[in-house]
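Just below is one structure, and these are the notes that go with it.
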Amino acid sequence: AVEGPKSLLDGLDPEQRAAASSDDGPLLIIAGPGTGKTRTLTHRIAHLVTERGVPPEECLAITFTRRAAGEMAERLAALAPGHADRLTVATFHSLGVRILREHHEAVGLTRSFGIADPDRQLEVAVSVAGAEKEARRLVAEGDEQYKKALRAQDLVDFDDLIALPLSLLERDPALVAAYRERYRRISVDEYQDVDEQQYRLLRLLAPADGNLTAIGDPDQAIYRFRGADVGFFLRFREDFPGARVVQLTRNYRSSPQVVAGALQVISPSTLVPGRELRAMGEHGDALIGVHHAASEQAEAAFVARTVEQVLGGASFHAFDSGRVSASEGTQGLGFSDFAVLYRTDRQSRALVDALTQSGLPFQKRSHDRLVDRPGVSRIVRELGFASGDSVAARVRAVAGADHTAYELLKPLAVECGSDFERFHTTLALGVEVDTWDPRADRISLLTLHASKGLEFPVVFIVGCEDGLLPLRWPGAAEDDDVAEERRLMFVGMTRAQRHLFLSHTAGRPRSPFLETLQEFTRIGNAQPKRKKRGTQLSLL
Ligand code: ATP
Ligand code: MG
């Protein structure tokens, strides 16, 4: 029945189709970058509700960021029109808010409890501890007195959003049963990055023989510093005995050159030994270029120059026969097709300077939180947002009194959806203002972490140096940290669809991660170089 001419499964390859149409029960999808994991997950859900008659209310899809959740909801709306608004697409934290709003009395909150932003957290802690330094310690430790003071003001903090629902469920089997009954089908994207509390929450929500679909790539686990533990992914089969395990091996994103290079780089510490990953694209003259620059400024100038040259079409003629380029239009690339990735935000300064000087448009993906912006902080305080009640009334009051504050709130409210209750939750959640727009015709500047899940025809990774990649910081515990940094490099490299440029400067030794990279083109500083096999490479 699912093989019908208009099945949602038609747009998938045989492996993806097997994963998307797999029967009930626990399912683990292990797959490398660019193999269509996210695509398979959305098709699976859409297939269940439109072609198998599963009630959308039973489906809960969990992602890690608000942007990823938004994108998934958008894709589901297109794939399963008419069902999408009855599906639940959540981040772990928004799921926590939902559970708490439904069972607020059990933890001594009102239904309209507020979520304290960092300023408010500190204020509350100071009311307990007096001096500011001590107050910071109480917040960091989740001190009991501090938490009590929060509750007295009908507040929770960000950590509470997982911890409180977890403790609620852990002591109330009836509640667990109720949620299991409601969400009979749970999917989690990027499962390699769950932390212990999220994992415990999932174990409660999904019975051992339940319909949990976990999807991810252990080699892309990059959030250990935040408490994520790839071990939960690796022991999925023990936790969910009888789980089906499906692999996806076809990479639809990257040129064969990029796939080969990325696999060479991850090989010394891969968590998926013997991984199969085949590039489906053709990209005849795609390349991995390695460039050595005298300084960070020279490196940034190299990036700007290379973008100009690639856009100028001086090289890369063979592209026009490439599969991806054909489908995207063969007439060259735009600024939005370039991304420059770096390990630490500080490295973006030289890039910003060089791109500005060259007159090249760019956008930087920043991870500020709304409440950390000075203007917003002021308004949040004026509105007394943290106490959560009658927010709409306060917004109206302030809007009447202060025209500028109105003007500021409007775009923010639009950004969060137009109802103020949701806006309030979003704001207080400490949500990042992600002004980065994937559709804008600008070069993207991103940290390696922020590049996760994205793809670009041309990718630069700057600062491929020992000390930056791997980053060394005081107290780094060597092996595990270096392995994680190598995975970060792997994530960055696999964002590239056609070309990947890796650069390093004379400031530090070359990154040890480049040692295992076998096939690349050295791109010199002054002299025009030719790539082997005669393709014109008139980059510099
Ligand atoms: P990551 O590990 O980076 O999160 P992913 O496995 O989630 O990657 P997707 O982002 O879902 O991969 O897909 C990567 C690219 O491949 C997308 O551009 C997607 O549209 C394309 N793609 C996936 N499956 C197919 C397919 N069967 N046919 C054509 N294109 C596909
Ligand atoms: Mg993905």
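The values are calculated or read from the model by the stated rules, or taken from the named source; none is laboratory data. The structure displayed is predicted, hence computed values, not measured ones. All Cβ positions, even for glycine, are placed from backbone atoms using ideal geometry, and neighbour counts span all protein chains on display.
Tabulated results
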{"item": "Set Ala78, Ala69: member being more than 16 Å from ligand 2 (Cβ to nearest atom), without any contact (Cβ under 8 Å) to a residue 40 or more places away in the chain and not in a loop (DSSP other than H, G, I, E, B)", "result": "Ala78"}
{"item": "Sole residue being closer than 28 Å to Ala483 by Cβ, more than 16 Å from ligand 1 (Cβ to nearest atom) and not small (Gly, Ala, Ser), chosen from Gln297, Gln247, Gln264, Gln309", "result": "Gln264"}
{"item": "Residue in the stretch 39-61 that is assigned by TED's automatic domain parsing to the domain that holds Ala214, outside any loop (DSSP other than H, G, I, E, B), within 20 Å of Met280 (Cβ to Cβ) and of a type in the set (Val, Ile, Thr) present", "result": "yes"}
{"item": "Top-ranked residue of the stretch 10-50 - restricted to ones that are more than 14 Å from ligand 2 (Cβ to nearest atom), without any contact (Cβ under 8 Å) to a residue 40 or more places away in the chain and not small (Gly, Ala, Ser), ranked as farthest from Leu454 (Cα to Cα)", "result": "Val49"}
{"item": "Candidate set from the stretch 172-201 (those that are over 25 Å from Pro55 (Cα atoms), assigned to a helix (DSSP H, G or I) and within 16 Å of ligand 1 (Cβ to nearest atom)); member that is nearest to the chain's Cα centre (by Cα)", "result": "Asp193"}
{"item": "Some residue of the stretch 210-218 being assigned to a helix (DSSP H, G or I) and within 16 Å of ligand 1 (Cβ to nearest atom)", "result": "yes"}
{"item": "Members of the stretch 284-296 that are outside any strand (DSSP E or B) and within 29 Å of the chain's Cα centre (by Cα)", "result": "Ala286, Leu287, Glu296"}
{"item": "Test result for Ala129, assigned by TED's automatic domain parsing to the domain that holds Phe236, more than 15 Å from ligand 2 (Cβ to nearest atom) and either at positive phi or at pLDDT below 95 (or both)", "result": "no"}
{"item": "Matching residues in the stretch 4-55 - criterion: being within 25 Å of the chain's Cα centre (by Cα), farther than 16 Å from Thr249 by Cβ and of a type in the set (Lys, Arg)", "result": "Arg44"}
{"item": "Residues (part of a helix (DSSP H, G or I) and either buried (at least 19 other Cβ atoms within 10 Å of the Cβ) or of a type in the set (Asp, Glu) (or both)) located in the stretch 95-115", "result": "Leu95, Gly96, Val97, Ile99, Leu100, Glu102, Glu105"}
{"item": "Every residue from the stretch 274-333 that is at pLDDT 70 or above, surrounded by fewer than 16 Cβ atoms within 10 Å (Cβ to Cβ) and among the aliphatic types (A, V, I, L, M)", "result": "Ala294"}
{"item": "Residues of the stretch 497-506 classified as of a type in the set (A, V, I, L, M, F, W, C) and either surrounded by fewer than 24 Cβ atoms within 10 Å (Cβ to Cβ) or within 15 Å of ligand 2 (Cβ to nearest atom) (or both), total", "result": "1"}
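Residue-by-condition table, conditions (1) of a type in the set (Gly, Ala, Ser); (2) within 19 Å of the chain's Cα centre (by Cα); (3) away from ligand 1 (no atom under 16 Å from the Cβ); (4) at pLDDT 95 or above:
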residue	(1), (2), (3), (4)
Thr435	no, yes, yes, no
Arg442	no, no, yes, no
Leu468	no, no, yes, no
Trp473	no, no, yes, no
Thr494	no, yes, no, yes
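Matching residues to (1) surrounded by fewer than 24 Cβ atoms within 10 Å (Cβ to Cβ); (2) hydrophobic (A, V, I, L, M, F, W, C):
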| position | (1), (2) |
| --- | --- |
| Gly34 | no, no |
| Arg39 | yes, no |
| His47 | yes, no |
| Thr50 | yes, no |
| Glu58 | yes, no |
| Arg67 | yes, no |
| Met72 | yes, yes |
| Leu76 | no, yes |
